[in-house]
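Single-structure report; data block below.
Nothing in this text is a laboratory measurement; each read-out follows from the coordinates by a stated rule. Being a predicted model, the structure only gives us computed values, none of them experimental. Neighbour counts are summed over all protein chains in view; Cβ atoms, including those assigned to glycine, are modelled from backbone coordinates with ideal geometry.
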């Protein structure tokens, strides 16, 4: 039971980091970045190229910066359209995702991408259960990053601007808040968080990432839907629900496999998402949209 709890919490931290990347971009621009997975894979791929030469930590820093820069490029591309409809811009990210994924597939081919992280396949014995060090690091790093993001939202000038823009972009512009600056920094943070999440998705017990691993970031979508698209706290709670739900399902797979199949655990986040949507369409902490007619 302890092993399941620890696995659930570590998975939750990864989902929460990925989900926060979605939420920061959405709060700043009202765009759902459906190229989030390709940005994640781009950053991890750069780390895999640089880590053998420079070491993991310098390679990780550069990879995170590349992921952030890639996200900003996507932001510029979506802003290039004449229509400022956020739905149109969201749809554009689908096409951009296909283009980036195609190029990464060409570069990676059939190879497996490893980040060369220092944790390797080492495990700790906790309460008689074996727990990978990489998962413990995911829990620690994820918790620290979540705390940093919340501190940025609460105590920095950028956080004030982001919250004001999320509530009313037009009024905040009239008050002197640069929507362009808010948008760029939102994408920078979102791209960096995507790459950090990718580092731990590639770590043990996973066997690295391949050219199709960009879809793994989409596993965070149930987390942001459950918590609410515009709620950072909701993203964390959604990640906790999804990660723990998936871990419990994997623990029950030996008993449930004859009825539900071996892939049941990967479906659980979406079942939880649908259950929440039936009760609260805006998510647990999402803002309700009021339309006047």
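A few remarks follow.
- Three-way shape call for the range 115-168 based on the alpha-carbon gyration tensor, with the a/c threshold at 1.5: prolate
- Candidates 161, 27, 84, ranked by Gaussian network fluctuation over the chain, Cα under 10 Å, top entry: 84
- Principal-axis tilt of helix 232-260 within the chain, Cα atoms, nearest 10 degrees: 40
- Protection proxy ranking of 201-207, 5-11 - average other beta-carbon atoms within 10 Å, highest first: 5-11, 201-207
- Computed lengthening from residue 114 to residue 270, 0.36 nm per intervening residue step minus Cα-Cα distance: 53.3 nm
- Gained length - residue 4 relative to residue 129, 0.36 nm times residue gap less alpha-carbon distance: 44.1 nm
- The range 41-107 and the range 161-196: distance between their alpha carbon centers, rounded to Å: 19
- With Cα atoms, 0 to 90° folded angle of helix 133-155 axis to the chain main axis: 20
- Whole-number percent relative contact order across the range 1-112, with pairs defined as alpha carbons under 8 Å at least 6 apart: 27
- For the options 113, 23, 279, a Gaussian network treatment of the chain with springs between C-alpha atoms closer than 10 Å singles out 279 as fluctuating the most.
- Extension gain, residue 99 to residue 65: 0.36 nm times the residue separation minus the Cα-Cα distance gives 10.2 nm.
- Helix 36-54 vs. the chain, principal-axis angle (Cα, 0 to 90°, nearest 10): 60
- Per-residue packing, averaged as other Cβ atoms within 10 Å, sorts the ranges 40-47, 76-83, 219-226, 265-272 into the order 40-47, 219-226, 265-272, 76-83, beginning with the highest.
- More than 31 Å apart - percent of Cα-Cα pairs taken over the chain: 27
- Note on the range 1-76: semi-axes of the ellipsoid equivalent to its C-alpha gyration tensor, largest first and rounded to whole Å, are 24, 22, 8.
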